[in-house]
Amino acid sequence: MANKIGIDAGGTLIKTVHLENEKYCYQTFSTSNISDVVSWVNNHKEAKLMITGGKQMALAKLVENEVEMVPEFEATTSGFRALVDRAKLHLPDNYLVVNVGTGTSIHSVNGQSAERLGGTGVGGGMLMGLAYLLTGRTDFHEITRLAEKGDRNGIDLKVKDIYGDASPIGGDLTASNFGFIERMKQQEVKDEDVLACLIGMISESILMMAIPFAKTISTSNIVFIGSTFQSNPLFRQQLERFEELFDIKAYFPHLGQFSGAVGALLYR
Ligand SMILES: Nc1ncnc2c1ncn2[C@@H]1O[C@H](COP(=O)(O)OP(=O)(O)OP(=O)(O)O)[C@@H](O)[C@H]1O
Ligand SMILES: [Mg+2]
């Protein structure tokens with residue numbers, strides 16, 4: 001039986017981690033069904049809950065276990081380091097961590113010190129909200145699966161759609177997300193294409209915010225964590241497209257979405 005459980009109660013998903021036979025055991029619950037995680041911890045009444053995330057208070061009120069509150073940004077960076085060490089992933093000392101959760105939070109890490117630099121409301125919650133408004137779909141896996149098949153041509157306006165062959169920068173770069181209104185009026189717009197454009201817009205916006213932060217801390221290494229990358233290959237591909245152009249290296253560590261939960265488990 002686990003004597004401690006690390007919990008990251010986020011705006012959309014609650015991530016838990018505990019040790020079982022010396023192995024980390026990871027679980028994800030939906031924050032909108034918070035009673036599911038309460039039922040689960042009720043089977044572990046002897047365990048102390050180390051809780052982080054924006055919904056930490058809401059969850060703490062519903063459980064009978066002993067609880068300790070862990071600050072989110074500390075948990076995220078220390079948990080991330082622990083996951084990187086466990087995965088034997090070799091990272092330079094100095095890098096940027098971009099946590100794309102419901103919202104997006106950007107941190108600089110240098111050796112053992114970490115600092116939150118900023119954030120944006122453009123993130124996984126925006127993906128879900130706009131996907132719903134634009135296509136009526138609400139299932140994350142359906143949205144990402146469809147987006148993978150989508151075609152951004154004819155919805156996004158590319159540089160070459162304006163300049164033709166004489167473009168001063170890469171013609172395939174986006175000039176205007178969702179900006180090809182003339183073409184949209186002429187042809188049928190499929191849900192899969194809209195969703196591909198949505199993921200394109202969100203990934204490009206996050207990257208354009210992250211790159212200047214990376215430059216200010218003199219790093220080209222950007223580590224992306226958060227559940228928004230789970231089973232979402234298009235999101236990764238869209239970010240990786242820019243590695244060469246902006247001379248950056250993007251990392252997507254395995255289990256990165258559990259950084260907060262692991263950091264909470266290991267706290268003090
Ligand atoms: N099964 C799922 N259900 C809903 N959203 C999912 C699911 N899997 C991945 N996602 C995506 O992950 C996002 C949530 O990511 P994450 O769990 O990192 O955020 P959070 O910790 O809940 O939020 P925050 O840290 O901003 O409070 C969702 O907005 C959605 O885009
Ligand atoms: Mg979170």
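The values are calculated or read from the model by the stated rules, or taken from the named source; none is laboratory data. Predicted model only: the values in this text are computed from it and were never measured. Using ideal geometry, Cβ is built from the backbone for each residue, glycine included, and neighbour counts are taken over all protein chains shown. Ligands, DNA and RNA are stripped out before the accessible areas are found, and what is left, the full protein with its side chains, is counted by its heavy atoms. Shrake-Rupley method; radii C 1.70, N 1.55, O 1.52, S 1.80 Å.
Every Cα-Cα pair of the chain was included, and the share exceeding 36 Å stands at 20 percent. Under a 5 Å amide H cut-off, with hydrogens placed 1.01 Å from N, Thr52 pairs with Ile7, Asp8, Ala9, Val70 among residues at least 5 apart or on other chains.
Within the chain, which DSSP H helices have Cα atoms that stretch 30 Å or more along the helix axis and a mean Kyte-Doolittle hydropathy of at least 0.5?
Values: long enough: 191-216 (38 Å, 1.07).
Once both thresholds are applied, what remains is 191-216.
Sorted largest first by accessible area at a 1.4 angstrom probe radius, with every protein chain in place, the residues Lys149, Lys48 fall in the order Lys149, Lys48. With the helix formula -39500 (n - 2.57) applied to DSSP H stretches of n ≥ 4, the chain reaches a computed 222 nm mean residue ellipticity of -11500 deg cm²/dmol.
Treating only the Cβ atoms of Lys and Arg (+1) and Asp and Glu (-1) as charged, compute the dipole magnitude of the chain about its Cα centre; round to the nearest 20 debye.
Values: 25 positive and 31 negative charges, 79 e Å.
Dipole size: approximately 380 debye.
With one equal scatterer per alpha carbon and no solvent term, the Debye-computed log10 I(q)/I(0) for the range 48-92 at 0.23, 0.27, 0.31 1/Å reads -0.78, -0.91, -1.04.
Beyond 28 Å between alpha-carbons counts as too far, so tell me which of Lys15/Lys190; Lys88/Lys158; Lys4/Lys88; Lys149/Lys249; Lys23/Lys149; Lys55/Lys249 fall in that bin.
Lys15/Lys190; Lys88/Lys158; Lys23/Lys149; Lys55/Lys249
How high is the relative contact order of the chain, given as a whole-number percent (alpha carbon pairs under 8 Å, six or more residues apart)?
Numbers: 509 pairs, mean separation 65.4, N = 268.
Reported relative contact order: 24 percent.
Restricting the GluC sites (Glu not before Pro) of the range 155-246 to loop positions (DSSP other than H, G, I, E, B) with no more than 15 neighbouring Cβ atoms within 10 Å leaves Glu188.
For the range 21-142, a Kirkwood radius taken over Cα pairs fed into Stokes-Einstein (37 °C, viscosity 0.692 mPa s) yields D = 194 µm²/s. A simple spin-label model places the labels of Ser231 and Ser167 3.4 nm from each other, with each point 7 Å out along Cα-to-Cβ.
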